[in-house]
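Here's the structure, in structure tokens; my notes come after.
The values are calculated or read from the model by the stated rules, or taken from the named source; none is laboratory data. What you see is a predicted model, and the numbers here were worked out from it, not measured in a lab. Don't worry about glycine lacking a Cβ; one is built from the backbone with ideal geometry, like all the others, and counts go over all protein chains shown. Each accessible area value is taken on the protein alone, full model and side chains, heavy atoms only, with ligands, DNA and RNA left out. Shrake-Rupley method; radii C 1.70, N 1.55, O 1.52, S 1.80 Å.
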Amino acid sequence: MKKINAIITLLLLGGILFGLAVADICTPDRLFSEYENRILSAKPKFSLEKLFDGSYTKDYETYVTDQFVGRDNWIYVKTVTDVLLGKKEINGVYLAEEGMLIEKHEKEDINPETVEQRLMLLQRLTQWQEEKGTGTLRIMLVPTADNILTDKLPDYAPYYPQQEFLEQVKEAAGSYMIDVTNTLKEHREEPIYYGTDHHWTTRGAYYGYLVWAAAMNMTPTSYNVQTVATDFLGTLHSKTHWATAPDTIEAYIPAVLQETADNTASRSGMQVYYDFSEDAKDSLYEARHLETKNKYGYFLDDNHPFIRIETGTQREEAKGRQLFVIKDSYANCFIPFLTEHYETIYVLDLRYYRAPLFSLLEEYGAKGDMDILVLYNVIHFIEEFQYY
């Protein structure tokens, strides 16, 4: 009887594996995962050279993992299993208090040589600005949620203390540095970070804007807060598939702008040019993203290598003023706050731009005095800040 049961079990297991294999073969490869908001791996091309150096098997393993049938459901099953085993960290994400998901960053993941390189690049930028003597340079590196919402982390959860790095930035950049850490900590009981995504919320960005305005001796603008989505499940939810409450996305619309029914804000004279195009849009927001998984793309139409914004502002202090922003996606919901203070804003994402930075700065700075703002979250800055 035991032998029969064993044979039946093996047959069932074999049938399941065979069925999954057939389904996997018959299912077309996906180019993009909307759920994870990323491009999936394609089948690698075979060559003897890649086989012998090990890259082919590594790439093929990644391809199979990305294209495995029912991938999204298997991620959820793994998460549930890990939670039942008492785990508080899933796929690099902490299951924090109040249902929050907080991205994990450890000190061991930070390469000291990379840190030194980033600090050197900052010093080169400050030296260039001092030599040119035009405009004001400001550097704002925003701590991630694990450094601000420490009371919500699981007990004894390790995290990289980013204040140590920010102190190094202050030594390298001096008065150019804007530290928003204390302000964010003062408001940590408010929704300043998304519960399912790695970005700060528009409210968090607003508090950062107030610190920036004080550092620039500018008067902050009055805003009307508009809720544009209540069902946002961001990148951290995609990593875990853990059932948690969706986030709300808000837009802070300057009181001088009109709010429109399709969740955009336009101003007569505002023109937004993406990627050196001559075709202008009249809004900083793209409502179509609110119907997709990537709802954060609502701000500045997601990520672009280069954006030029003619703000159309009527504020006297903004006349003739230019700003050049070097940024990651943390800046996408921050930049709308700046449009009342500058006539023209240039936005550069170095992750997608592969040309000499200083040549571009000189080209646009030649049109008059131009302020510069470097805005990243701390981790992205360490991982990605690189220019030519």
Looking at residue 330, is it in contact with a helix residue (DSSP H, G or I) (Cβ under 8 Å, 6 or more places away or on another chain), in contact (Cβ under 8 Å) with a residue 12 or more places away in the chain, closer than 24 Å to residue 283 by Cβ and in a helix (DSSP H, G or I)? yes
Residues located in region 359-377, provided they are in contact with a Ser or Thr (Cβ under 8 Å, 6 or more places away or on another chain) and assigned to a strand (DSSP E or B): 370, 371, 372, 377
Do we have any residue at all in region 52-65 that's modelled with pLDDT of 60 or more, open to solvent by 100 Å² or more (accessible area, probe 1.4 Å) and of a type in the set (A, V, I, L, M, F, W, C)? yes
Residues that are of a type outside the set (Ser, Thr, Tyr), over 21 Å from residue 377 (Cβ atoms), without any contact (Cβ under 8 Å) to a residue 40 or more places away in the chain and surrounded by fewer than 19 Cβ atoms within 10 Å (Cβ to Cβ): does region 232-243 have at least one? yes
Contacts under 7 angstrom Cβ, first residue in region 204-227 being farther than 16 Å from residue 252 by Cα, partner hydroxyl-bearing (Ser, Thr, Tyr) and in a helix (DSSP H, G or I), 6 or more apart: 211/183
Mind listing just one residue for me: the one in region 322-353 that is of a type in the set (Val, Ile, Thr) and more than 17 Å from residue 206 (Cα to Cα) and, of those, surrounded by the fewest Cβ atoms within 10 Å (Cβ to Cβ)? 344
Of (1) under 15 Å from residue 150 (Cα atoms); (2) touching a His at 6+ places or on another chain (Cβ under 8 Å); (3) of a type in the set (S, T, N, Q), residue 196 satisfies all except one. Which? (1)
I'd like to know if region 174-187 contains one or more residues that are among the aliphatic types (A, V, I, L, M), within 28 Å of residue 324 (Cα to Cα), free of Cβ contacts under 8 Å to residues at least 40 places away in the same chain and in contact with a Leu (Cβ under 9 Å, 6 or more places away or on another chain). yes
Being more than 29 Å from residue 197 (Cα to Cα), assigned to a loop (DSSP other than H, G, I, E, B) and out of contact with any strand residue (DSSP E or B) (no Cβ under 8 Å at 6 or more places or on another chain) is the filter; apply it to region 282-321 and report the residue that is most open to solvent (accessible area, probe 1.4 Å). 314
Looking at region 285-338 only, could you name the residues that are more than 15 Å from the chain's Cα centre (by Cα), over 18 Å from residue 223 (Cα atoms) and basic (Lys, Arg)? 288, 308, 319, 321
By residue number, the members of region 132-162 that are among the β-branched types (Val, Ile, Thr) and either free of Cβ contacts under 8 Å to residues at least 60 places away in the same chain or not in a loop (DSSP other than H, G, I, E, B) (or both) are 139, 142, 148, 150
Within region 314-352, the residues that are among the aromatic types (Phe, Trp, Tyr) and over 16 Å from residue 269 (Cβ atoms) are 324, 330, 334, 337, 346, 352
Scope region 167-189; condition more than 26 Å from residue 89 (Cα to Cα) and open to solvent by less than 50 Å² (accessible area, probe 1.4 Å); matching residues: 169, 172, 173, 174, 176, 177, 178, 179, 180, 183
Take the residues in region 99-128 that are among the hydrophobic types (A, V, I, L, M, F, W, C) and assigned to a helix (DSSP H, G or I); name whichever of them is farthest from the chain's Cα centre (by Cα). 128
Identify, from the list 346, 298, the residue that is in contact (Cβ under 8 Å) with a residue 12 or more places away in the chain, farther than 19 Å from residue 137 by Cα and in contact with a Phe, Trp or Tyr (Cβ under 7 Å, 6 or more places away or on another chain). 298
Could you please give the count of residues in region 116-152 that are among the hydrophobic types (A, V, I, L, M, F, W, C), open to solvent by less than 10 Å² (accessible area, probe 1.4 Å) and within 30 Å of residue 322 (Cα to Cα)? 8
Identity of the residue in region 368-383, among the aliphatic types (A, V, I, L, M) and closer than 17 Å to residue 345 by Cβ, that ends up surrounded by the most Cβ atoms within 10 Å (Cβ to Cβ): 374
Only one of (1) of a type in the set (Ser, Thr, Tyr); (2) touching a residue at least 12 places away in the same chain (Cβ under 8 Å); (3) open to solvent by 10 Å² or more (accessible area, probe 1.4 Å); (4) assigned to a loop (DSSP other than H, G, I, E, B) does not apply to residue 196, and that is (3)
